[in-house]
Amino acid sequence: MSGAHFAFTDRWGGVSAAPYEELNLGGAVGDDPAAVRTNRGLGAKALGLDADQVVWMNQVHGTDVAVVDGPWAAGAEVPAVDAVVTARRGLALAVLTADCTPVLLADPVAGVAAAAHAGRPGMVAGVVPAAVRAMISLGADPARITARTGPAVCGKCYEVPAQMRDEVAAAEPAAWAQTSWGTPAVDVTAGVQAQLAALGVTDRRASGVCTLESHDHFSYRRDRTTGRLAGYVWLDAGAAEGEAGGHDGP
């Protein structure tokens with residue numbers, strides 16, 4: 001059995017009311033804080049995790065990475081970062097999205113895991129390579145890293161102005177895309193996957209879910225006022241090697 005675990009949520013099974021129904025895990029989108037706390041508890045319970053031992057981020061579409069060995073102190077301000085990395089087995093890291101690409105990374109042999117938030121700006125700026133470099137500094141080997149990217153808006157739906165597509169493609173050519181109706185688009189997940197490949201990460205899988213198309217998932221581009229999905233990654237305490245396994249959700 002694997003030492004690495006990955007999970008991506010959908011929007012069902014929580015307590016939030018419209019327009020955040022049901023399993024909104026984002027605490028900064030206008031939802032009732034009590035509902036968010038309940039939802040985070042439900043999500044953690046479904047995965048066999050302690051909700052108080054999950055590390056969340058204050059995501060700002062940047063490239064800063066925090067190396068953590070435990071949850072943030074109670075009452076402390078959560079730092080503005082878009083990736084968290086840990087060498088503590090058993091500590092779960094979480095990333096929130098609603099169209100951006102959630103990136104989960106793990107090297108079970110080194111005991112290092114990371115979660116990154118890759119929106120268009122973060123992908124262009126290199127948040128995922130920054131997370132991988134932080135993992136390497138803790139002993140991870142890209143050849144051993146397992147990478148999973150979760151539900152996100154797909155390249156056939158993420159319409160952007162032509163100039164923006166050109167700017168993104170200049171930074172990461174693999175992100176160049178065209179909508180299904182023939183207009184300029186960006187494929188953030190393809191860009192992330194290309195960046196991981198360039199870093200030597202070969203064990204990569206991408207979700208086939210487009211958040212804009214799927215009403216089982218939150219989408220900011222579709223609904224504007226909406227909830228947030230979560231991706232979770234953690235390593236079994238005491239597990240040092242083996243193939244990486246995963247979950248599809250709570």
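Having 1 or more residues that are among the charged types (D, E, K, R) and on the phi < 0 side of the Ramachandran plot is the bar; report the strands (runs of 3 or more DSSP E) wholly within the stretch 9-107 that clear it.
101-107
Could you list, ordered by first residue, the pairs with Cβ atoms under 6 Å in which the first is in the stretch 87-113 and without any contact (Cβ under 8 Å) to a residue 60 or more places away in the chain and the second is assigned to a strand (DSSP E or B) and buried (at least 24 other Cβ atoms within 10 Å of the Cβ), at least 6 apart or interchain?
These pairs meet every condition: Ala87/Val112.
Each row is one residue, and each column tells you yes or no for (1) over 17 Å from Ala7 (Cβ atoms); (2) modelled with pLDDT of 95 or more; (3) among the hydroxyl-bearing types (Ser, Thr, Tyr).
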site	(1), (2), (3)
Leu212	yes, yes, no
Asp216	no, yes, no
Arg221	yes, yes, no
Ala244	no, no, no
His247	no, no, no
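Could you go through the stretch 188-196 and let me know if any residue there is outside any helix (DSSP H, G or I), farther than 18 Å from Gln59 by Cβ and either of a type in the set (Lys, Arg) or under 19 Å from the mean Cα position of the chain (by Cα) (or both).
no
Scan the stretch 213-238 for residues that are over 22 Å from Leu49 (Cβ atoms), buried (at least 23 other Cβ atoms within 10 Å of the Cβ) and in contact with a Phe, Trp or Tyr (Cβ under 9 Å, 6 or more places away or on another chain) and jot them down.
Thr226
Restricting the stretch 132-170 to residues that are in a helix (DSSP H, G or I), more than 21 Å from the chain's Cα centre (by Cα) and not polar (S, T, N, Q), which is surrounded by the most Cβ atoms within 10 Å (Cβ to Cβ)?
Arg165
The values are calculated or read from the model by the stated rules, or taken from the named source; none is laboratory data. On a predicted model such as this, the values are computed, not experimentally measured, just so you know. We place every Cβ from the backbone using ideal geometry, glycine too, and count neighbours over all the protein chains shown.
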